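Following: one structure in structure tokens, then a few remarks.
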Amino acid sequence: MRTVAKLCFYTTTMLFLTVCCSFAQSQAGSVVIWGSNTYGQLNVPHPNRDFISISTSGAHVIGLKSDNTIVAWGENSWGRATAPADNADFVAISAGHCHNLALKSDGSIVAWGYNAYGQCNVPDPNSDFIAVAGGGYHSLALKSDGSIVAFGQNYSGCNDVPNPNSGFEKISAGWAHSVGKKLDGTIVVWGDNTYGENNIPDPNNYISMAGGGGHYLALRNDGSIEAWGNNDCLQSIVPSPNQNFVALDAEGRGSIALKHDGTVIYWGCYEAHPDMPTGVPAEANGAFLVTTGLECSAVLVPFQGGTVEANYTPSTIDLKPAYPNPFNPSTSIDFTLEQTDKVKLIIHNINGQQVAVLQDGLMERGSHTVDFTASGLASGVYTYTLEVGSFKQTKSFTLVK
């Protein structure tokens with residue numbers, strides 16, 4: 001799965017930097033799922049491997065395989081647990097309450113399932129989309145120009161994207177409310193405000209977010225989670241210590257989040273079964289992706305050679321040589337993360353003096369490219385250092401003017 005985000009800013013040294021991040025869901029794994037099995041949603045179709053994404057909302061589950069096909073199971077009213085007929089070339093998925101959205105590699109969207117409110121009627125032109133999000137009875141889709149398209153039931157204005165409808169890089173849909181993250185790290189919420197869903201404690205410095213039935217979760221750059229809205233099942237009280245989180249999801253009255261070390265935390269309750277135990281099975285720890293719904297929760301854990309391989313080690317980080325090198329005035333630095341993590345990418349001159357910080361915060365797993373334009377620097381040898389947890393690697397490049 002690939003989405004593209006571009007961020008342009010000035011440092012104190014007046015260097016113009018452009019960060020272009022391509023997030024590739026390159027890791028494949030198997031599904032660990034728990035909760036209610038009323039509709040067979042815990043019965044993962046065989047073979048349980050090669051999943052790169054998974055999503056659940058109501059009583060059904062959809063998964064995306066590494067061959068870009070979709071697998072669906074669970075409650076099948078309106079065909080929501082049946083894969084699309086043209087089951088190929090998918091790069092992203094999202095399960096709504098009774099419908100599904102799937103993004104094709106050509107930027108078009110396929111939607112199926114319950115459609116009483118038009119939540120499966122993708123507006124024309126059905127092209128240039130880069131992300132999808134299914135809500136209760138509405139749908140959100142993100143265009144490559146940073147604008148959001150909303151369709152389906154417009155309960156409490158959940159489809160009325162606030163102006164300016166631009167600069168968005170991520171989207172999430174709750175039951176009857178919506179949220180978008182902008183390139184500058186701010187989040188914008190709209191729709192139903194029964195539980196104060198639109199009252200953001202602080203809209204700044206986030207990397208991702210998720211909308212539940214009446215509450216929101218948002219992941220900060222420092223690895224902490226902000227939660228607000230409905231709290232009748234304690235779904236908006238983040239368990240302590242509120243730190244080292246790298247991913248999250250919310251649905252109904254439940255919340256789920258992933259720690260840096262692969263630990264999975266669930267809090268709140270399942271909307272359809274509020275008295276059902278909410279403990280996370282041991283085999284879920286070591287996950288790299290989490291999702292939760294009204295009846296069950298699921299994670300993806302690494303799969304290799306028929307066994308679960310849960311450890312994340314620095315050897316999975318790959319810092320590549322800058323290209324071009326020598327350069328004038330721009331070059332690109334590529335690196336790969338196998339897990340969402342806090343990343344620092346720093347430029348120093350030959351004397352060891354820091355001249356620029358290209359990245360300092362959480363970045364999603366996958367392949368990333370950072371374009372560096374050094375128009376304010378003199379010719380010479382410079383170094384770039386990538387720091388991820390205990391991993392640290394330095395390479396050099398030469399600016400020739």
Given the conditions (1) at pLDDT below 95; (2) aromatic (Phe, Trp, Tyr); (3) within 30 Å of Ala272 (Cα to Cα), every one holds for Tyr137 apart from (1)
Can you say whether Leu377 is surrounded by 15 or more Cβ atoms within 10 Å (Cβ to Cβ) and not in a strand (DSSP E or B), as far as the supplied structure shows?
yes
Here are the criteria: (1) under 26 Å from Ile207 (Cβ atoms); (2) without any contact (Cβ under 8 Å) to a residue 24 or more places away in the chain. Tell me which single one Leu300 does not satisfy.
(2)
Report yes if some residue within the stretch 348-363 is part of a loop (DSSP other than H, G, I, E, B) and among the β-branched types (Val, Ile, Thr); otherwise report no.
yes
Residue among Tyr114, Tyr137 that is among the aromatic types (Phe, Trp, Tyr), closer than 21 Å to Cys296 by Cβ, touching a Gly at 6+ places or on another chain (Cβ under 6 Å) and surrounded by fewer than 24 Cβ atoms within 10 Å (Cβ to Cβ):
Tyr137
Residue within the stretch 46-58 that is without any contact (Cβ under 8 Å) to a residue 60 or more places away in the chain, under 18 Å from Thr292 (Cα atoms), of a type outside the set (Lys, Arg) and touching a strand residue (DSSP E or B) at 6+ places or on another chain (Cβ under 6 Å) present
no
Confirm whether Ser66 is within 19 Å of Gly96 (Cα to Cα), within 20 Å of the chain's Cα centre (by Cα) and among the small types (Gly, Ala, Ser).
no
Name the residue, out of Val189, Val246, Val161, Val179, that is in a loop (DSSP other than H, G, I, E, B) and among the aliphatic types (A, V, I, L, M).
Val161
If I filter the stretch 43-52 for residues that are outside any loop (DSSP other than H, G, I, E, B), over 20 Å from Gly252 (Cα atoms) and basic (Lys, Arg), do I get at least one hit?
no
For the structure I just gave you, tell me whether Leu386 is closer than 30 Å to Ala28 by Cβ and either outside any strand (DSSP E or B) or at pLDDT below 85 (or both).
no
Please go through the stretch 342-363 and pick out each residue that is in contact (Cβ under 8 Å) with a residue 60 or more places away in the chain, closer than 30 Å to Ala287 by Cβ and either of a type outside the set (D, E, K, R) or surrounded by 21 or more Cβ atoms within 10 Å (Cβ to Cβ) (or both).
Leu358, Gln359, Gly361, Leu362, Met363
Among Ala81, Ala85, Ala111, which is the only one that is within 25 Å of Ser66 (Cβ to Cβ), part of a loop (DSSP other than H, G, I, E, B), out of contact with any Phe, Trp or Tyr (no Cβ under 8 Å at 6 or more places or on another chain) and of a type in the set (Gly, Ala, Ser)?
Ala85
Identify the single condition in (1) touching an Asp or Glu at 6+ places or on another chain (Cβ under 6 Å); (2) of a type outside the set (Phe, Trp, Tyr); (3) modelled with pLDDT of 95 or more that Lys65 does not satisfy, given that it satisfies every other one.
(3)
Filter result for the condition that a residue is of a type outside the set (Val, Ile, Thr) and over 20 Å from the mean Cα position of the chain (by Cα), over Ser236, Ser240
Ser240
Filtered residues of the stretch 252-268 (kept if small (Gly, Ala, Ser), under 21 Å from Asp192 (Cα atoms) and part of a loop (DSSP other than H, G, I, E, B)):
Gly252
If I filter the stretch 162-181 down to residues being over 20 Å from Gly136 (Cα atoms) and touching a Lys or Arg at 6+ places or on another chain (Cβ under 9 Å), which single residue comes out as surrounded by the most Cβ atoms within 10 Å (Cβ to Cβ)?
Phe168
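Matching residues to (1) at pLDDT 95 or above; (2) in a loop (DSSP other than H, G, I, E, B); (3) crowded, with 16+ Cβ neighbours inside 10 Å:
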position	(1), (2), (3)
Pro201	no, yes, no
Asn231	yes, yes, yes
Ser236	yes, yes, yes
Ala250	yes, no, yes
Could you go through the stretch 300-314 and let me know if any residue there is modelled with pLDDT of 90 or more and in contact with a Phe, Trp or Tyr (Cβ under 6 Å, 6 or more places away or on another chain).
yes
Residues within the stretch 87-105 that are surrounded by fewer than 24 Cβ atoms within 10 Å (Cβ to Cβ) and either touching a helix residue (DSSP H, G or I) at 6+ places or on another chain (Cβ under 7 Å) or over 20 Å from Ile130 (Cβ atoms) (or both), tallied
2
Restricting attention to the stretch 59-74, does a residue exist that is touching a residue at least 40 places away in the same chain (Cβ under 8 Å), closer than 19 Å to Tyr137 by Cα and either of a type in the set (Asp, Glu) or not in a strand (DSSP E or B) (or both)?
yes
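The values are calculated or read from the model by the stated rules, or taken from the named source; none is laboratory data. Predicted model only: the values in this text are computed from it and were never measured. Positions of Cβ are generated from backbone atoms using ideal geometry, with glycine treated the same way; all protein chains shown enter the neighbour counts.
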